[in-house]
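Colleague: Dumping the structure here so I can ask a few things about it.
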Protein chains: 12
Amino acid sequence: MAVARITEVIGSSTKSWEDAVQNALARANKTLRNLTGLEVTKMNAHIENGKITEYRAHVRITFILEDTL
Amino acid sequence: MAVARITEVIGSSTKSWEDAVQNALARANKTLRNLTGLEVTKMNAHIENGKITEYRAHVRITFILEDTL
Amino acid sequence: MAVARITEVIGSSTKSWEDAVQNALARANKTLRNLTGLEVTKMNAHIENGKITEYRAHVRITFILEDTL
Amino acid sequence: MAVARITEVIGSSTKSWEDAVQNALARANKTLRNLTGLEVTKMNAHIENGKITEYRAHVRITFILEDTL
Amino acid sequence: MAVARITEVIGSSTKSWEDAVQNALARANKTLRNLTGLEVTKMNAHIENGKITEYRAHVRITFILEDTL
Amino acid sequence: MAVARITEVIGSSTKSWEDAVQNALARANKTLRNLTGLEVTKMNAHIENGKITEYRAHVRITFILEDTL
Amino acid sequence: MAVARITEVIGSSTKSWEDAVQNALARANKTLRNLTGLEVTKMNAHIENGKITEYRAHVRITFILEDTL
Amino acid sequence: MAVARITEVIGSSTKSWEDAVQNALARANKTLRNLTGLEVTKMNAHIENGKITEYRAHVRITFILEDTL
Amino acid sequence: MAVARITEVIGSSTKSWEDAVQNALARANKTLRNLTGLEVTKMNAHIENGKITEYRAHVRITFILEDTL
Amino acid sequence: MAVARITEVIGSSTKSWEDAVQNALARANKTLRNLTGLEVTKMNAHIENGKITEYRAHVRITFILEDTL
Amino acid sequence: MAVARITEVIGSSTKSWEDAVQNALARANKTLRNLTGLEVTKMNAHIENGKITEYRAHVRITFILEDTL
Amino acid sequence: MAVARITEVIGSSTKSWEDAVQNALARANKTLRNLTGLEVTKMNAHIENGKITEYRAHVRITFILEDTL
């Protein structure tokens, strides 16, 4: 049977949390194969001069380990 | 006094988590009356070929039980 | 060294949770200085006639206490 | 063997949290049979003019499903 | 898109927690259609004369709501 | 839209937890305006000679920030 | 310096949760000395014929260990 | 009314978590009377050479205190 | 001194959760050395036609990092 | 009876978490009176070039509100 | 197989949390045998005149029950 | 934008938890680049003959993934 692994990454974006998640996913997709799902576990942000300058999303990404496919 | 009940549903969407919440709400509204509020408790997603193909939002929906209005 | 404080506010919006967070931040920025970050800890909503009429976001905002800068 | 179900309701009262729990139980008892237990999971309140005008108790109620008795 | 609902049941068995989960599932399957998954959230037991006489498993069961299929 | 703030106080009483909550609320009402709700998050007590001598209730109080009314 | 220990007991009562806590405290006081505090961590109940027949309070009780006074 | 106490033990077994729970229960039964229930709160294991050599189950055991029966 | 790392994997099985844990461990053992322990953090399942078709166990596996042995 | 308030601050230090807590306390002591206790809820750090350059301690500080003394 | 028990104590010290843990351990060692491990679950403190006068550490201590050695 | 990853390690030391964190960091620094922060999530210890023989600190370490700098 397939065995999957979960890795936790933090994506960031100047636009939105949704975009921060997409950036996290795009980066994970460069290195990992067989991604099957993700969960957003934290949404925070960096503020400068009263404005959000960086949206950050903590994302747990699940992928199937190759030799179990 | 009014008594309310909480039901937990999972909405999905190919577009966004916001849309997944709206789909959950639209479905609940077909069967239940007197909806008063909701809370998003989990945001996850299904991934295929490195892209999110289905956004899923866990939503706890509160509604007032009819004979207590 | 700098000492920061965390305050918890609830922003609301008729449009979206993202907008509710922005409203919370805008209000905090009127009274507090040196805001450095925020975290969204809860997303809920008020419903009327089966529609979301008010999006609410619980936001923990961090700011540096003045005489420690 | 018996199978039970848990339903989550919110009772309210102008008098006390204890009374709010009793109201939740009385309402559940109208619709459900074979109630066996409950747990209070949240106690909050609505305030107007500096006074509590509505006590609210979140209650998880357990009942045995009929055809398993 | 499909909308799912989560219901929480407690299965019991004189044999094992695994069997208690199966009993919970069998009962849910009588009343609900389109079950897609479950999660075990609590394992406890009743003891008499120093022996476990009833295994109990709290199970959250997910099923797709009919008119969203 | 209105923005609210949550403050956490600990009320005490020699009589009961209910009274401890009321004392916390009465004190908050002296300094803060536009209180809208509260949640009891902890109930503990001080014991002397085997008797409760002080009931303590942790209470999170929500109030609307003035210039957003 | 004093070292304290925490023990967890479950008090019950046919009258109220407050009384269930008092019963738990009264029993602990028979066996243990130097009780200094308690915290209520769970309030549940047994139901028969739609009425609460037994209130149960989970209580964590702190007491100072004798030879450290 | 009866007052119960909860004690937390860790059972172990070379065979399974189920057996580890039974070992914890058997040991508790040697010293304590009037055991009424248990809850499994953690399942972990020791590994050697890639195999589980010891299953460990954290178990919270409830028993009624003698003079309250 | 030794430094260990924790990795989170999801094992699956058509037979049982116990078997799902063993499959997760077997797969981890192919790639990682010096495994010392594991903890089961979640047990869920996929259901088809009212039957569990895939048991899934989330497992946190600890292993000692090589150059610290 | 006295009513206390809890405020959450983040102290920092280049030396240690213990020192970060002391800095948080020293700062709180400048503005607030009648501090009675604190709890450390999080210990994190900033790293540069593989070294901790700033220890950060999240501290919840309790103080009695003046007109309740 | 060995069965262990977990007991929860609170150590205190005028010097540091580390010392408070050592005091808790020293006291446990007077009464209990076969201590195998501990976990620090809470670090708080008593404050007087703006200074920490008593560090307190909540410690869960594990020890093997004698007749299972 | 940069994407970071979080890895969880357990450092150990015969001296203190602070030293255990430093050992965890030193080891992570050998293999990983661009470390930006850490959080201590658990402090436990191994005991022999009534003394702590090994301090263990669970540390979540954040580092920026190379090709996102």
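Colleague: In peptide E:33-39, what is the residue-averaged number of other protein chain Cβ atoms found within 10 Å of each Cβ?
Modeller: So the per-residue partner count for this stretch is 5.
Colleague: With the Cα gyration tensor of chain H giving a ≥ b ≥ c as the square roots of its eigenvalues, does the rule (a/c under 1.5 for rounded; else a/b larger than b/c for prolate; else oblate) give rounded, prolate or oblate?
Modeller: prolate
Colleague: Return the long-range amide H neighbours of B:Glu54 (sequence gap of 5 or more, or a different chain), with a cut-off of under 5 Å between placed amide H atoms.
Modeller: Answer set, sorted by chain and number: B:His46.
Colleague: So who's got an amide H within less than 5 Å of the one on B:Thr41, skipping anything under 5 residues away but keeping other chains? H placed 1.01 Å off N, in plane.
Modeller: Those lying under 5 Å, H to H, from B:Thr41 are B:His58, B:Val59, B:Arg60.
Colleague: Run the dipole for chain C about the Cα centre, Lys and Arg Cβ at +1, Asp and Glu Cβ at -1, nothing else charged, and hand back the magnitude in debye, nearest 20.
Modeller: Its charge dipole is roughly 80 debye.
Colleague: Another question, if that's okay. Give me the angle, in degrees from 0 to 90, between the Cα long axis of helix L:17-31 and the longest principal axis of the Cα atoms of chain L, rounded to the nearest 10.
Modeller: 40
Colleague: How would J:Ile64, F:Ile61 line up from fewest to most surrounding beta-carbon atoms within 10 angstrom?
Modeller: J:Ile64, F:Ile61
Colleague: Take every Cα pair under 8 Å in chain K that's 6+ residues apart, average their separations, divide by the length, and report that relative contact order as a whole percent.
Modeller: Across chain K, relative contact order equals 47 percent.
Colleague: If Lys and Arg each add +1 and Asp and Glu each add -1, what is the summed charge of the other residues whose beta carbon sits under 10 Å from the beta carbon of G:Met1?
Modeller: Spelling it out: positives minus negatives among the neighbours equals +1.
Colleague: Of the listed pairs B:Lys42/I:Lys30; J:Lys15/L:Lys15; B:Lys42/C:Lys30, which have alpha-carbon separations greater than 25 Å here?
Modeller: Going by Cα-Cα distance, B:Lys42/I:Lys30; B:Lys42/C:Lys30 fall outside the 25 Å limit.
Colleague: Relative contact order for the range J:30-69: what percent, with Cα pairs under 8 Å and sequence separation of 6 or more?
Modeller: 48
Colleague: Provide the net charge surrounding L:Ser16, with neighbours chosen by a C-beta distance below 13 Å and charges set as Lys +1, Arg +1, Asp -1, Glu -1.
Modeller: So the environment of L:Ser16 carries a net charge of -4.
Colleague: Please give the charge dipole size of the protein assembly as shown, origin at the Cα centre, charges +1 on K and R Cβ atoms and -1 on D and E Cβ atoms. Round to the nearest 20 debye.
Modeller: Here the protein assembly as shown has a charge dipole of around 0 debye.
Colleague: Please compute the net charge surrounding F:Met43, taking Lys and Arg as +1 and Asp and Glu as -1 over other residues with Cβ under 9 Å from its Cβ.
Modeller: Charge balance in the 9 Å sphere: +1.
Colleague: What ranking do I:Arg33, J:Arg60 get, fewest neighbouring Cβ atoms within 10 angstrom at the top?
Modeller: I:Arg33, J:Arg60
Colleague: Provide G:Val3, F:Val21 in ascending order of the number of other Cβ atoms located within 10 Å of each residue's Cβ, fewest first.
Modeller: So the residues, fewest neighbours to most, are G:Val3, F:Val21.
Colleague: Over chain H, with a Gaussian network built from C-alpha contacts below 10 Å, which listed residue (H:Ala45, H:Ala24, H:Ala57) shows the highest mean-square fluctuation?
Modeller: Its mean-square fluctuation being the largest, the pick is H:Ala45.
Colleague: So, one more: Kindly write out, for the range E:38-45 in residue order, the coupling ³J(HN,Hα) from the Karplus curve 6.51 cos²θ - 1.76 cosθ + 1.60 (θ = phi - 60°), rounded to whole Hz, with x marking Gly and Pro.
Modeller: With coefficients 6.51, -1.76 and 1.60, one gets 8, 9, 8, 10, 7, 10, 10, 7 Hz.
Colleague: Let me ask something else about it. For the range D:29-69, rounded, prolate or oblate, judged on the Cα gyration tensor with a ≥ b ≥ c (square roots of eigenvalues), a/c < 1.5 rounded, else prolate if a/b > b/c?
Modeller: prolate
Colleague: Answer rounded, prolate or oblate for the protein assembly as shown, using the Cα gyration tensor with square roots of eigenvalues a ≥ b ≥ c: rounded when a/c is under 1.5, else prolate when a/b is larger than b/c, else oblate.
Modeller: Here the protein assembly as shown falls in the rounded category.
Colleague: Now, a different point. Report the label-to-label distance for I:Asp67 and H:Thr53 in nanometres (one decimal), using points 7 Å from each Cα along the Cα→Cβ vector.
Modeller: Taking the simple label geometry, I:Asp67 and H:Thr53 are separated by 2.8 nm.
Where a number appears in this text, it was derived from the coordinates with a stated rule and is not lab data. In this text the structure is predicted, and so the values were computed from the model without any measurement. Glycine also receives a Cβ, built like all others from the backbone with ideal geometry; neighbour counts cover every protein chain displayed.
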